[in-house]
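Novice: Next up is a structure, given as structure tokens.
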Amino acid sequence: MSESASFQISTFRRGVHPDEYKNLTCQHPSRPLQLPDEVFIPLQQHIGAPCEALVQKGDQVKTGQKIGDSPAHVSSPIHASITGTVAAVADFPHPLGGKVPMIHIKQDGEQDVWEILSIPDNWETSSKEELAKLVREAGIVGLGGAAFPTHVKLAPPVHKPIDHFILNGCECEPFLTCDHRNMLEQTDRILTGMAIKMKILGVEKGIVGIEVNKADAIAAMEARVKVLHLNFKIQPLKVKYPQGAEKMLIDAALGRKVPAGGLPMDVGVVVNNVATALAVYEAVVEGKPLIQRMLTVTGDAIQSPTNLIARMGTPFQVCVDACGGLKDETSQVFMGGPMMGLVQYDLQVPILKATSGIVCLQSSQLKNTRHYPCIQCGTCVSVCPMNLVPTRLSRLAETGKYEDCQNWGIFNCIECGSCAFVCPSSIPLVQWIRVGKVKSAEQQQKLKTRA
Amino acid sequence: MTEKNPAQSQPEQTETTGKSEKKALKPKKDPRAKLYTPEIPLILASSPHFHTRDTVPRIMWNVIAALVPTTVLALVYFQWAAVGIILTSVSSALIAEMLVNKIKGEALTLLDGSALITGLLLALTLPPSFSLGGTALGSVFAIVVGKHFFGGLGYNVFNPALLGRAFLQASFPVPMTTWSWPLTARYADVDGITAATPLGLFKFEHVTSELSGLLTGNISGSLGETSAIAILAGGLYLLVRKYADWRIPSSFLLSVFIVSGIFWFISPETYPTPVFQVLSGGLMLGAFFMATDMVTSPVTARGAWIFGTGAGFILVMIRLFGGLPEGVMYSILLMNAFTPLINRYTRPAFFGEIPA
């Protein structure tokens, strides 16, 4: 394989192709959202142990000041995203439903006083450990949606050698274009961020995976890679959902299959999102902790869909209002894309580190759907990227056969939604599989405690 | 999975006026309403929130559309006999379906097209001279026993139309094996009206038939099993639209061709040619429209190959060594019985599964 850009378009097996709706926002440049009056910062915005608050009601905080941390290894600190006073440390509505502990900061005055991290003069001469520590201090987690602490990902155990780093620029969900705009507007910074990450990992081979519906991004990345003298390979990928899922991306880019129940490091690969690379650059070169991100506010129920650069913890309502507000007849709002997004009932919830988009739809594709029994058509089997049999898994979950669920691979399901997307009977396959996973895990737990 | 926001009842209430407001029952206070009161009621559902436009009725109506060429030719060749049988079968199926819906107390399922397909397919497997009463009986049996006794759409083990035909074959063996020439052929030099099918001719009288007749349909047989080209046109449409798994007709026809080819190769005088085997009888109709019935065929790719191959093998055995000249119905019904087992044992390996 040559090190320069490959023009062969790769893909993975199965998957689906929903309508893209990207032209609502991908042509226009992103714009920064003006500072919100108040922000709500949850104490847990990442996979791992939740943070403990380091501030209390009444404290004055600066932008970028650390306000929560945890001694656990798999965790990530949180920072204040605006300058102001802590109004409360209490439970507030969260996009995942219910209420969780959050730090509520209110702005006093129009200031934006930053507290930046102490950074090396030249990252290229710093050690791996120094850079990794900086990544942790900046509170960087995976911005593709999973929010896994990046410094943990960049320090895999010694017995799992890594030889490739893949940058995920696929953005396979419909409607979302923030990664696309980031690749066009922050090309150099993203590529430098990728180089920093590869230095921390000690890896020489880097691949950037981009779907071919972002031809301008592919061209921009290829051009800048040459100018910056980096030997990254830009891999164009067929437009298919869920190309952006880690396992599918590694399969398409390198032909390696992550073992069932395993992680990308098991096949010598680490995958990260382009926005995460940008955040790493900003932390290491500019000393900025992760306190803002780009997200796509879009959908046919938004007056003027745009990509906004917003501070963490900004309420959804503020972002939506900045894009002209909701039209009457809005039927659904979700965080993320339409295939895996979480529905929202309250627009007061804050933006998390994992929020890549707010999609507001007028015409729900789910209204007035008549449900039929499973007609064994097998379409779900033919699209499942993980090679599962969704119809059987859903039926096993429905009838309480949780041991069989495990045998049929329910824990391999990545909940991408391809199966329910195609089901002609409109069976809620993913929802049943989710129920099945929870119940199977409970049953496994019961058996363990009994033994 | 879709539930209206509980606070939605509040905006609706403000629209009622005067007397009706007093009469209208106040909705119970939902304890969750304390948490939030959004201005706009939003639909809450589990992801995914997008869906293709395929629905069960859409699939069924596409199958019916694919059967149109064959049905038209049946009407052309057998005229009033075909009209009578097709109308009786379809209307009996629909009426039976409606009655079962009423008895079960469920919503009418007529519009999903599945009862219509069963009625139409059954009609296409019947001889043109079959009685209308028998047709109605078979159609009702197919719907009530073949489909609803097993639990309704999606739960039946056997192809309902074929089960209906098997019932009629057992109950009325002679009328079910009395064939006639198409009416168009009558204007040619043909003696009499009743005649054996090409398969029957070969098996019992060792007379071969012209292949062109098999392709265009100008031969005796059941209503639908005459023209291979018409069936192929509809069948290929379904394969392209992915409403039928291409592996089933491919493996079915291929295994018939290969197995019968082996026998023909060993003894060309005793056995018919593989091309004849593939084009004659109900195989084309069975391979493209009966074996591919989604509910009764396997869900996995490997399962589909096993299903088609098994059906082909059984078919050739019945045709060459069984008592009847035709066996598509039985070969498919027998493989239908294997489908649940095939589904269980052809679980595909998960992505990244390490073989034990």
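The values are calculated or read from the model by the stated rules, or taken from the named source; none is laboratory data. From a predicted model like this one, the values you see are computed outputs, not experimental measurements. Cβ atoms come from the backbone with ideal geometry, glycine included; neighbour counts cover every protein chain shown. Ligands, DNA and RNA are stripped out before the accessible areas are found, and what is left, the full protein with its side chains, is counted by its heavy atoms. Shrake-Rupley method; radii C 1.70, N 1.55, O 1.52, S 1.80 Å.
Novice: State all residues of region A:27-59 that are farther than 17 Å from A:Thr83 by Cα, touching a helix residue (DSSP H, G or I) at 6+ places or on another chain (Cβ under 9 Å) and open to solvent by less than 40 Å² (accessible area, probe 1.4 Å); if no residue qualifies, say none.
Specialist: A:Ser30, A:Gly48
Novice: Given A:Val430, A:Val349, which one is within 27 Å of B:Asn156 (Cβ to Cβ), among the β-branched types (Val, Ile, Thr) and surrounded by 22 or more Cβ atoms within 10 Å (Cβ to Cβ)?
Specialist: The conditions single out A:Val430.
Novice: With of a type outside the set (Ser, Thr, Tyr), modelled with pLDDT of 90 or more and under 25 Å from the mean Cα position of the chain (by Cα) as the only criterion, which of A:Asn407, A:Asn412 stands out?
Specialist: A:Asn412
Novice: Determine whether B:Val295 is within 14 Å of chain A (Cβ to nearest Cβ) and open to solvent by 10 Å² or more (accessible area, probe 1.4 Å).
Specialist: Spelling it out, B:Val295 is indeed within 14 Å of chain A (Cβ to nearest Cβ) and open to solvent by 10 Å² or more (accessible area, probe 1.4 Å).
Novice: So if I check each of B:Gly312, B:Gly261, which one is in contact with a helix residue (DSSP H, G or I) (Cβ under 6 Å, 6 or more places away or on another chain) and within 27 Å of B:Val157 (Cβ to Cβ)?
Specialist: When all the criteria are applied, what remains is B:Gly312.
Novice: To continue, here is another question. What's the number of the condition A:Gln317 fails, among (1) of a type in the set (S, T, N, Q); (2) touching a helix residue (DSSP H, G or I) at 6+ places or on another chain (Cβ under 9 Å); (3) open to solvent by 20 Å² or more (accessible area, probe 1.4 Å)?
Specialist: Unmet for A:Gln317, out of (1) of a type in the set (S, T, N, Q); (2) touching a helix residue (DSSP H, G or I) at 6+ places or on another chain (Cβ under 9 Å); (3) open to solvent by 20 Å² or more (accessible area, probe 1.4 Å): (2).
Novice: Across region A:324-369, what is the number of residues that are in contact with a Phe, Trp or Tyr (Cβ under 6 Å, 6 or more places away or on another chain), outside any loop (DSSP other than H, G, I, E, B), within 7 Å of chain B (Cβ to nearest Cβ) and not aliphatic (A, V, I, L, M)?
Specialist: 0
Novice: On to the next question. One residue is enough: does region B:254-262 have a residue meeting the conditions under 15 Å from the mean Cα position of the chain (by Cα) and either open to solvent by 60 Å² or more (accessible area, probe 1.4 Å) or touching a residue at least 40 places away in the same chain (Cβ under 8 Å) (or both)?
Specialist: Within region B:254-262, none of the residues are under 15 Å from the mean Cα position of the chain (by Cα) and either open to solvent by 60 Å² or more (accessible area, probe 1.4 Å) or touching a residue at least 40 places away in the same chain (Cβ under 8 Å) (or both).
Residue-wise test of (1) at positive phi; (2) free of Cβ contacts under 8 Å to residues at least 24 places away in the same chain; (3) out of contact with any strand residue (DSSP E or B) (no Cβ under 9 Å at 6 or more places or on another chain); (4) open to solvent by less than 30 Å² (accessible area, probe 1.4 Å).
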site	(1), (2), (3), (4)
A:Ala252	no, no, no, yes
A:Lys257	no, yes, yes, no
A:Leu263	no, yes, yes, no
A:Val271	no, no, no, yes
A:Ala275	no, no, no, yes
A:Leu278	no, no, no, yes
A:Tyr281	no, no, yes, no
A:Val285	no, no, yes, no
A:Val297	no, no, no, yes
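Novice: May I pose another question? Within region A:370-425, how many residues are within 7 Å of chain B (Cβ to nearest Cβ), without any contact (Cβ under 8 Å) to a residue 60 or more places away in the chain and either part of a helix (DSSP H, G or I) or more than 17 Å from A:Ala441 (Cα to Cα) (or both)?
Specialist: Count: 14.
Results for (1) modelled with pLDDT under 85; (2) surrounded by fewer than 21 Cβ atoms within 10 Å (Cβ to Cβ); (3) more than 11 Å from every other protein chain (Cβ to nearest Cβ), shown as yes or no for each residue.
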{"site": "B:Pro11", "(1), (2), (3)": "yes, yes, yes"}
{"site": "B:Gly18", "(1), (2), (3)": "yes, yes, yes"}
{"site": "B:Leu25", "(1), (2), (3)": "yes, yes, yes"}
{"site": "B:Thr71", "(1), (2), (3)": "no, yes, yes"}
{"site": "B:Ala82", "(1), (2), (3)": "no, no, yes"}
{"site": "B:Asn101", "(1), (2), (3)": "no, yes, yes"}
{"site": "B:Leu111", "(1), (2), (3)": "yes, yes, no"}
{"site": "B:Ile117", "(1), (2), (3)": "no, no, yes"}
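Novice: Looking at (1) over 22 Å from the mean Cα position of the chain (by Cα); (2) surrounded by fewer than 14 Cβ atoms within 10 Å (Cβ to Cβ), which one does A:His73 not meet, given that it meets all the others?
Specialist: (1)
Novice: From the list B:Ile314, B:Ile306, which one is in a helix (DSSP H, G or I), open to solvent by 10 Å² or more (accessible area, probe 1.4 Å), more than 30 Å from A:Lys247 (Cα to Cα) and without any contact (Cβ under 8 Å) to a residue 24 or more places away in the chain?
Specialist: B:Ile314
Novice: State which residue pairs qualify: first residue open to solvent by less than 10 Å² (accessible area, probe 1.4 Å) and inside region A:139-160, second residue basic (Lys, Arg) in any location, beta carbons under 7 Å apart, and separation of 6 or more residues or different chains.
Specialist: From region A:139-160, the pairs are A:Val141/A:Lys353; A:Leu143/A:Arg293; A:Leu143/A:Lys353; A:Ala147/A:Lys353; A:Leu154/A:Lys197.
Novice: Okay, next question. On the basis of being in contact (Cβ under 8 Å) with a residue 24 or more places away in the chain and among the small types (Gly, Ala, Ser), does A:Gly313 make the cut?
Specialist: In short, yes.
Novice: Of these, B:Ala115, B:Ala66, which one is touching a Gly at 6+ places or on another chain (Cβ under 6 Å) and in a helix (DSSP H, G or I)?
Specialist: Unique residue meeting the criteria: B:Ala66.
Novice: Does B:Leu320 meet the test of being closer than 20 Å to B:Thr125 by Cβ and not small (Gly, Ala, Ser)?
Specialist: Taking the combined requirement at face value, the residue does not satisfy it.
Novice: Additional query: In region A:305-312, is there at least one residue being closer than 30 Å to A:Pro385 by Cβ, part of a loop (DSSP other than H, G, I, E, B) and out of contact with any helix residue (DSSP H, G or I) (no Cβ under 9 Å at 6 or more places or on another chain)?
Specialist: no
Let's see how each residue does on (1) in a loop (DSSP other than H, G, I, E, B); (2) in contact (Cβ under 8 Å) with a residue 12 or more places away in the chain:
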{"position": "A:Pro174", "(1), (2)": "yes, yes"}
{"position": "A:Met183", "(1), (2)": "no, yes"}
{"position": "A:Arg189", "(1), (2)": "no, yes"}
{"position": "A:Ile210", "(1), (2)": "no, yes"}
{"position": "A:Ala215", "(1), (2)": "no, no"}
{"position": "A:His229", "(1), (2)": "yes, no"}
